[in-house]
Amino acid sequence: MATMFEGSKIAKKYKLTKCECPSGKMTRFVEPCLLFFLSQKPSYGYELMDQLDEFGFQKGKPDPAMVYRTLRSLEKENCVISKWDTKGAGPAKRNYELTPTISISA
């Protein structure tokens, strides 16, 4: 049975073969992933979505709208702050980072 982890770096590292979570619960997996990525460095929405691909979402990619809703929810809960980055060419991008009070240890 194929899983959303199949072939990913994480699957190989932790020898994951089967996803036990129902597909309807993807948001519950996306939120901790986003927090983990932001604990490593501040990031933009599209960059975070690329990281989700590397984390095992090849088969059931999260909808970009769901990712941004999750980021807004984390911001309302004071876990994440965002700032507009207007530097560089192209449209402004929203840069997300953990609030100083949030600490995630591996």
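The values are calculated or read from the model by the stated rules, or taken from the named source; none is laboratory data. Since this is a predicted model, take the numbers as computed values, not measurements. Heads up, the Cβs are rebuilt from the backbone with ideal geometry, glycines too, and the neighbour counts pull from every protein chain shown.
Residue by residue, here is whether (1) assigned to a helix (DSSP H, G or I); (2) surrounded by 15 or more Cβ atoms within 10 Å (Cβ to Cβ); (3) modelled with pLDDT of 90 or more holds:
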residue: Tyr46; (1), (2), (3): yes, no, yes
residue: Asp53; (1), (2), (3): yes, no, no
residue: Phe57; (1), (2), (3): no, yes, no
residue: Pro62; (1), (2), (3): no, yes, no
residue: Val67; (1), (2), (3): yes, yes, yes
residue: Ser73; (1), (2), (3): yes, no, yes
residue: Asn78; (1), (2), (3): no, no, yes
residue: Trp84; (1), (2), (3): no, no, yes
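The C-beta contact set for segment 83-98 (first residue within 20 Å of Leu38 (Cα to Cα) and touching a residue at least 12 places away in the same chain (Cβ under 8 Å), second residue small (Gly, Ala, Ser) and in a strand (DSSP E or B), distance under 7 angstrom, 6+ apart or interchain) comprises Arg94/Ser82; Asn95/Ser82; Tyr96/Ser43; Tyr96/Ser82.
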